[in-house]
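What follows is calculated from the coordinates using simple rules that are stated; it is not laboratory data. In this text, all values refer to a predicted model and were calculated from it rather than measured experimentally. Every residue, glycine among them, receives a Cβ derived from its backbone with ideal geometry; neighbour counts consider all protein chains shown.
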Amino acid sequence: MRIHEVNPQKGSTKRRRRIGRGISAGQGASGGFGMRGQKSRSGTGTKAGFEGGQMPLYRRVPKLKHFPLVNPSHYTIINVGKLNSLSPNTEVTLESLMEVGLITSNDGPLKVLGDGELTVALTVKAAAFTKSAKSKIESAGGSCHDVSDTADTPNDNE
């Protein structure tokens, strides 16, 4: 079989509508375009977004670089490199970091970012980890435990 021998399946195509060829053709007289008006004339209609001279919606809406998130996630962040000052085999949580003084304010659950190098084996308990932070903690001999806040999510059993 060659490309010029390929045809559509029987019954899958319909003949095109022949507009304005008399009443017997089914689309005679005004050809299904109504009596008068801009959309009944020959040629193309209006361009996309045209509203009859009124200022179009795409020009009325203010142009913003981004739209704000409705419920943004706020994290208390710390980089892996800052955890080097801790002693080996320490359990790292948001509270323990605030006691040591590596974090000064609680801006939400703890998120560990991957900037810097880690040489100390630590047990890190945080709400979120970046991939690079997780790999650096585990390559240093430590472990990562995901401690997502379950208090924010509604409980179906209550």
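Counting just the residues of segment 52-82 that are closer than 30 Å to Ile137 by Cβ and among the hydrophobic types (A, V, I, L, M, F, W, C), which one comes out farthest from the chain's Cα centre (by Cα)? Only one residue tops the list, namely Val80. Residues that are under 17 Å from Ser135 (Cα atoms) and assigned to a helix (DSSP H, G or I) within segment 78-98 comprise Val80, Gly81, Lys82, Leu83, Asn84, listed in sequence order. Count of segment 27-52 residues, restricted to those that are out of contact with any helix residue (DSSP H, G or I) (no Cβ under 9 Å at 6 or more places or on another chain), assigned to a loop (DSSP other than H, G, I, E, B) and surrounded by 12 or more Cβ atoms within 10 Å (Cβ to Cβ), is 3.
Test Ala121 against the criterion of being closer than 17 Å to Ser73 by Cβ and either free of Cβ contacts under 8 Å to residues at least 40 places away in the same chain or surrounded by fewer than 18 Cβ atoms within 10 Å (Cβ to Cβ) (or both), and give yes or no. Judged against the criteria, Ala121 is not a match. Scanning segment 83-95 for residues that are within 22 Å of Ser148 (Cα to Cα) and surrounded by 15 or more Cβ atoms within 10 Å (Cβ to Cβ) yields Leu83, Thr90, Val92, Thr93, Leu94.
Restricting attention to segment 53-77, and to residues there that are among the basic types (Lys, Arg) and assigned to a loop (DSSP other than H, G, I, E, B), which single residue is surrounded by the most Cβ atoms within 10 Å (Cβ to Cβ)?
Within segment 53-77, the first condition is being among the basic types (Lys, Arg), and the residues that meet it are 59-60, 63, 65.
Going one step further and asking which of them are assigned to a loop (DSSP other than H, G, I, E, B), we end up with 63, 65.
Working: Lys63: 6, Lys65: 4.
Selected residue: Lys63.
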